[in-house]
Amino acid sequence: MPDASDEIIPLWPEGPPTKLGGVGPEIEFAGPPGLAEGTRMLRNVSESTLTVFRPAAAKSNGVGVIVCPGGGWRILAWQHEGIDVAHWLSARGYTAFLLKYRVLATPGDPVAFEAAMAAMNSQIAFDRPAARAPRSLSDLIPAETLRAPREAAADDGRRAIALVRARAKEWDIDPQRIGMVGFSAGAFLTADIAMDPRDKPLAFVAPIYGGETRGAQVPLDAPPLFTVIAQDDRLLFKVVEGLYADWSNADRPAELHIFTRGSHGFGMIRQSLPVDRWIELFGDWLMERGLG
């Protein structure tokens, strides 16, 4: 189904440099009960693409933003961390590029899939005091478990950046004014690329409720960073605090917003809480940096 755009661009027409094995046909499904219930989601993604959301010509500000939804490298929260974000950006003059990156295989049968996700969620569910909250993703999930999908996602992200830069003139954007916003797993993707771009750094990065440096030195030319977390996100709030501290300690521009409530994975979902304003704060930050 088109995502309000007829520009859907394959990232690897001749196939990606690496593959994630056993991934079946792509499946669209409705989010399970919880914060994102009923929202549009994808799984078994093996063909990575960019979907282009152009602003009205009169409103275009020449800035491109690559949007990376989350989903634990198993699904993509396509609606509230993807399409809705892209629409918000394009309505304000940004050219948004929604990244569909590759994820791990999940069971094709819906019942088996739900059981597998429930088992995974039960392994990371906890209610620890803040002093014992995870400081890195590997405190939650063994690093080797996610090594391959995390590297594949970063490969897709770097390929997306290269493609957008190469075709910037076509989309009326400045190749020096391209940034990335990501959520949860997409935030780790965003931070991973900021740490190891393998090309010129992005103009800005916004890893939302996720991202880490894994103890590496933040590059001297690392892009300005904007990040958001809810204190009741017991999975990742200390991880994100650490990401901000690493950027700040490296004397790189960084802004962190911590909300008391919001949980994990809020994206563009409205909860009638102060956290609902995170996207406006992001917009203000971009404007303050001359990126709007």
- Task: Loop only per DSSP, at most 16 neighbouring Cβ atoms within 10 Å: give me the trypsin sites (Lys or Arg not before Pro) in region 208-251, ordered by residue number.
- Result: 214
- Can you list residues whose amide H is under 5 Å from residue 254's amide H, if they're 5+ apart or on another chain and H is modeled 1.01 Å from N? 225
- Query: Which entries in the list 19/169; 169/238; 59/238; 169/200 go over 29 Å, if you measure between the two C-alpha atoms of each?
  - Reply: 19/169; 169/238; 59/238
- region 8-288, relative contact order [Cα under 8 Å, separation at least 6], %: 17
- Task: Give the peptides 43-51, 251-259 in descending order of average Cβ contacts within 10 Å, highest first.
- Result: 43-51, 251-259
- With a ≥ b ≥ c the root eigenvalues of the C-alpha gyration tensor of region 234-289, is it rounded (a/c under 1.5), prolate (a/b larger than b/c) or oblate? oblate
- Message: Residue by residue through region 201-206, what is 3J(HN,Hα) from phi via Karplus (6.51 cos²θ - 1.76 cosθ + 1.60, θ = phi - 60°)? Round to whole Hz and write x for glycine and proline.
- Response: x, 5, 6, 6, 9, 9
- Task: Could you pull out every residue, at least 5 positions away or on a different chain, whose amide H is within less than 5 Å of the one on residue 230? Hs are placed 1.01 Å off N in the peptide plane, and Pro or chain starts have none.
- Result: 259
- Query: Karplus couplings for region 179-190 from phi (6.51 cos²θ - 1.76 cosθ + 1.60, θ = phi - 60°), rounded to Hz, Gly and Pro as x?
  - Reply: x, 9, 10, x, 10, 6, 4, x, 6, 5, 4, 4
- Please turn the phi angles of region 243-259 into ³J(HN,Hα) values with the Karplus equation 6.51 cos²θ - 1.76 cosθ + 1.60 (θ = phi - 60°), one per residue in order, whole Hz, x for glycine and proline. 4, 4, 4, 5, 5, 5, 5, 8, 6, 9, x, 8, 9, 10, 10, 10, 9
- How far apart, in nm, are the 7 Å Cα→Cβ label points at residue 281 and residue 141? 2.6
- What is the local net charge at residue 252, summed over the other residues whose Cβ is closer than 12 Å to its Cβ (Lys, Arg +1; Asp, Glu -1)? -4
- Task: With label points built 7 Å along Cα→Cβ from the Cα atoms of residue 272 and residue 8, find their separation and express it in nm.
- Result: 3.7
- Query: With each label point set 7 Å from Cα along the Cα-Cβ vector, what nm distance links residue 91 and residue 245?
  - Reply: 3.8
- Item | Antiparallel content of DSSP bridges confined to region 8-288, in %, to 5 | 40
- Task: Let me know the charge dipole size of the chain about its Cα centre in debye, to the nearest 20, where only the beta-carbon of Lys, Arg (+1) and Asp, Glu (-1) is charged.
- Result: 260
- Note on the structure: For residue 211, the residues 5 or more places away or on another chain with a placed amide H closer than 5 Å to its own amide H are 188
- Burial ordering of 63, 111, fewest other beta-carbon atoms within 10 Å first: 111, 63
- Message: Could you tell me the calculated FRET efficiency between residue 112 and residue 170, based on Cβ-Cβ distance and R0 = 51 angstrom, to the nearest 0.05?
- Response: 0.75
- Task: Report the net charge of residues surrounding residue 132, where surrounding means a beta-carbon distance below 11 angstrom and charges are Lys +1, Arg +1, Asp -1, Glu -1.
- Result: +2
- Item | Computed FRET value (nearest 0.05) for residue 151 with residue 128, which takes r as the C-beta separation and R₀ as 30 Å | 0.55
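Every number here is computed from the coordinates shown, using simple stated rules; none is lab data. Quick caveat, the model's predicted, so the values are computed rather than measured. With ideal geometry, Cβ positions are generated from the backbone for all residues, glycine too; neighbour counts draw on all protein chains shown.
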